[in-house]
1. Condition (residue is more than 11 Å from chain A (Cβ to nearest Cβ), charged (D, E, K, R) and not in a helix (DSSP H, G or I)) applied to the stretch B:31-43: is it met by at least one residue?
2. Keeping to the stretch A:66-120, report how many residues are under 21 Å from A:LYS227 (Cα atoms), in contact with a Ser or Thr (Cβ under 8 Å, 6 or more places away or on another chain) and within 11 Å of chain B (Cβ to nearest Cβ).
3. Restricting attention to strands (runs of 3 or more DSSP E) lying wholly within the stretch A:74-179, give those where 1 or more residues are surrounded by fewer than 19 Cβ atoms within 10 Å (Cβ to Cβ).
4. Which ones in the stretch A:180-227 are of a type in the set (Ser, Thr, Tyr) and part of a strand (DSSP E or B)?
5. If I go through the stretch B:1-30 residue by residue, how many of them are touching a Lys or Arg at 6+ places or on another chain (Cβ under 9 Å), within 20 Å of A:GLN209 (Cα to Cα) and either of a type in the set (Lys, Arg) or away from every other protein chain (no Cβ under 13 Å) (or both)?
6. In the stretch B:44-57, how many residues are over 10 Å from the mean Cα position of the chain (by Cα) and either assigned to a loop (DSSP other than H, G, I, E, B) or at pLDDT 95 or above (or both)?
7. Conditions: (1) under 26 Å from A:ALA32 (Cβ atoms); (2) touching a residue at least 40 places away in the same chain (Cβ under 8 Å); (3) among the aliphatic types (A, V, I, L, M). A:ALA134 meets all but one. Number of the miss?
Amino acid sequence: MSMTRFPNGLSTRKSIDPFGAYTHPDETDQHAYFNDFNTYVAGDWTITVVGTSTPALTAGDGGLLAITTSATSGDSAFLQKTIASFSFETGKPAWFSARFKVSTLATTAVMGVQVIDTTPLDVTDGIYFLTTTATGAVTGIVRKNATTGSSSVAVGTLVADTYTELAWYWDGKDTIAFYQDRVQKGSITGVAANYLPDASALAQSFGIQTDSANARTMTVDYVMVAKSRR
Amino acid sequence: MKITISSGKPKDARDVTVEDGGETLASFKAKDLADAHKLLKRGRESGWDSLKPAKAK
């Protein structure tokens, strides 16, 4: 396959824009975060642990962060980016993607963007994925209130010790689409009026709870969040 | 910041510690897991100095 080349540059701005002659797409078009976990700084995160757990990089291709719970049922470890730096609004699309695996399905895992809270499995605001213990069923959730402003959709299923990519897309209008391994599995409409998180700041959030008396591990390859500024 | 809650069944008393940059911001015993989360929410919203330890069952 031949490669398409743009030796003179590729722009996302009009010619009269200050960045009109900039030879790259304007990086300020989106507020974007991407962490491939080649490095990990604990101080960048609010870490809530029940029991004992110290998230740490682990050897493996791709840059991997391992979060291992201790071995009492209900023990957990959740990470939330500090300081929270995303909010959602109509007119500004947003994107999320993460690749991870859990060691077994006797766990509850969460992955997405949430308000900072010590109970990430049941937060009041967020757009995120939640897995069901034993079955591995994945649910996509968008909520601005845990009871009256929440909606969810079935997204797919985890397989034990197998990486999967979960992603969502807020179209900036009325719909959030949820994906597993690049395939759209479901969507939620009526988001702008009913469910879009209204907290002023939300954070990249993920973690795992063991649902048996065994230590369980979530291994995260990458997390990406972006929101349009325009 | 690292928040550590001791293991236990949901109704067990829990030891809770909040640390940031090597400094202990709060350390208290909650009467159960729900109480631990309630106190942590109060600490986050009102400041860790405002936390009053709850009595254990």
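The values are calculated or read from the model by the stated rules, or taken from the named source; none is laboratory data. Small disclaimer: the values here were computed from a predicted structure and weren't measured. Here the Cβ positions follow ideal geometry from the backbone for every residue, glycine too, while neighbour counts run over all protein chains shown.
1. Looking through the stretch B:31-43, at least one residue is more than 11 Å from chain A (Cβ to nearest Cβ), charged (D, E, K, R) and not in a helix (DSSP H, G or I).
2. Taking the stretch A:66-120 and keeping what is under 21 Å from A:LYS227 (Cα atoms), we get A:79-99, A:110-116.
When the remaining residues are screened for being in contact with a Ser or Thr (Cβ under 8 Å, 6 or more places away or on another chain), the result is A:79-82, A:87, A:92-94, A:99, A:110-116.
Within this subset, residues satisfying the condition of being within 11 Å of chain B (Cβ to nearest Cβ) are A:79-80, A:82, A:115-116.
Adding up the residues that qualify gives 5.
3. On the way: elements: A:76-81, A:94-102, A:107-114, A:126-131, A:137-145, A:149-157, A:164-170.
Filter on the stretch A:74-179 gives A:94-102, A:137-145, A:149-157, A:164-170.
4. Narrowing the stretch A:180-227 to residues of a type in the set (Ser, Thr, Tyr): A:187, A:189, A:195, A:200, A:205, A:210, A:212, A:217, A:219, A:222.
Passing the criteria: A:SER187, A:SER205, A:THR210, A:THR217, A:THR219, A:TYR222.
5. Of the residues in the stretch B:1-30, 3 are touching a Lys or Arg at 6+ places or on another chain (Cβ under 9 Å), within 20 Å of A:GLN209 (Cα to Cα) and either of a type in the set (Lys, Arg) or away from every other protein chain (no Cβ under 13 Å) (or both).
6. Result for the stretch B:44-57: 4.
7. Status for A:ALA134: all satisfied but (1).
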